[in-house]
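Report on the structure given below.
The values are calculated or read from the model by the stated rules, or taken from the named source; none is laboratory data. Quick caveat: nothing in here was measured; it's all calculated off a predicted structure. Cβ coordinates were reconstructed from backbone atoms using ideal geometry, including for glycine residues, and neighbour counts include every protein chain displayed. Keep in mind that these areas ignore ligands, DNA and RNA; they rest on the heavy atoms of the full protein, side chains included. Shrake-Rupley method; radii C 1.70, N 1.55, O 1.52, S 1.80 Å.
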Amino acid sequence: MVETADVTPSPASPPSTAERPRRRHRPRDETRALLLHAAARVAIDRVSEDAPQAHNALADIRIKDVLDEVNRAEASAGGGPLTTGAFYQIWADQAEFQRELLAHLMDQIANPGASEIEALAFQMVSDGEPADEILRAVGDLDFTLSRKSPEMFLALGLGAMVPAELVRGAQREANSRYIAALSDLLGNVLRYGGRRLREGHTIEDMIWATEALEVGYLLRSRTDPDIPAKTDSRGWSSHAIAFVGIVHAFTDLVDADD
């Protein structure tokens, strides 16, 4: 348990007496989550387009900045401040904290909007929509949700900046969930559309190809938002056209006799 100061008036004190902080016990997991979310906010602020100067978004996050972010929010909610002691009760040092922060961010972007995407695909299948139209809609929604996520762009930047081994460790669990969720979704849409993976390819191969496409368009959208959104005569976006094209490149139509 981690102690924090909770400022509440003492019923025995006269109105003129200064309020004294009363200690309460905050569960360790609650403190960890509080600090991680605050650190993510600090990092996002520092890599935003209107940040006053460039920062190394991970290594430059100081404990004091994270605690200040937590304590501002706690003060507005009537809570007591956290101290560096609370921080070091959870993490042995700054490097250990940075590793967990990176894993936390990768976890946040593992499958943003999964429930919304699954609901859309299920509804379109129920309505009898063509498989390619379902893929188009799913691809566009996934891209839109990812583009609205500041954690997504922060994680992409950190993935390019920090040592590869650190990124691999942080992504391991998130990648497993990402593959499992998309394998199920895309596998169902492929079966619905009468398609199957081409010999020599796996569903993971196709998923990583579509992820590479989305990351590229996400980065391009930072400076040229119209490029992935450009539509053809059918109203399909450039991103959706490329997404469906990748699915077709990795799959074949199932013959009626198979």
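Working from the pairwise distances between different alpha carbons, so that the mean of 1/r is found and then inverted, what is the stretch 181-232's Kirkwood radius in Å?
Mean inverse Cα-Cα distance, inverted, gives 12.8 Å.
Specify which residue in the list ALA180, TRP236, TYR192 is farthest towards the positive end of the charge dipole of the stretch 133-258, using unit charges on the beta carbon of Lys, Arg (+1) and Asp, Glu (-1), about the Cα centre.
Most positive-ward Cα: TRP236.
In what sequence, highest mean first, do 78-91, 225-238 appear when ranked by Cβ atoms within 10 angstrom?
78-91, 225-238
Mind giving me the FRET efficiency for ALA75 and VAL125? R0 is 45 Å, r the Cβ-Cβ distance, nearest 0.05 is fine.
For R0 = 45 Å, the calculated efficiency reads 0.35.
Please turn the phi angles of the stretch 68-74 into ³J(HN,Hα) values with the Karplus equation 6.51 cos²θ - 1.76 cosθ + 1.60 (θ = phi - 60°), one per residue in order, whole Hz, x for glycine and proline.
3J(HN,Hα) across the stretch 68-74, in whole Hz: 4, 5, 5, 5, 4, 5, 5.
Measure off 7 Å from each Cα along the Cα-to-Cβ vector at ILE63 and GLU199, then give the distance between these two points in nanometres to one decimal.
6.1 nm
What full-extension length gain, to one decimal in nm, is calculated for GLU173 and TYR192 as 0.36 nm per residue of separation minus the Cα-Cα distance?
3.9 nm
Place a +1 charge on the Cβ of each Lys and Arg in the stretch 88-181 and a -1 charge on the Cβ of each Asp and Glu, then give the dipole magnitude about the Cα centre in debye, rounded to the nearest 20.
Around 300 debye, computed over the stretch 88-181.
How long is the gain from ASP252 to GLU165 if the chain were fully straight, where each residue apart is worth 0.36 nm and the alpha carbon distance is subtracted?
Contour length minus Cα-Cα distance gives 27.7 nm.
Nothing charged except the Cβ atoms of Lys and Arg (+1) and of Asp and Glu (-1): what's the magnitude of the dipole of the stretch 175-258 about its Cα centre? Round to the nearest 20 debye.
Charge dipole, the stretch 175-258, about its Cα centre: 320 debye, nearest 20.
What are the extents of the Cα atoms of the stretch 80-197 along their three principal axes, listed from largest to smallest and rounded to whole Å?
58, 35, 21
Relative to the present Cα-Cα distance, how much length would full extension add between ALA209 and ARG222 at 0.36 nm per residue of separation?
Separation in residues times 0.36 nm, less the Cα-Cα distance, equals 2.6 nm.
Obtain the nm distance between the two label points defined at HIS37 and THR144 by a simple spin-label model: each point lies 7 Å from its Cα along the Cα-to-C-beta direction.
Here the modelled spin labels are 2.7 nm apart.
Suppose we keep just the alpha-carbon trace of the stretch 153-258; what are its Rg and Dmax in angstrom?
Using the Cα atoms of the stretch 153-258, the pair Rg, Dmax is 16.2, 51 Å.
Which order do peptides 160-172, 95-107 fall in by mean Cβ count within 10 Å, highest first?
With the highest mean Cβ count within 10 Å placed first, the list reads 95-107, 160-172.
Note down the accessible area of GLU133, probe 1.4 Å, to the nearest 10 Å².
50 Å²
Keeping the other protein chains in place, figure out the carbon and sulfur percent of the accessible area of the stretch 69-209, with a 1.4 Å probe.
On the stretch 69-209, the fraction of accessible area on carbon and sulfur atoms equals 52 percent.
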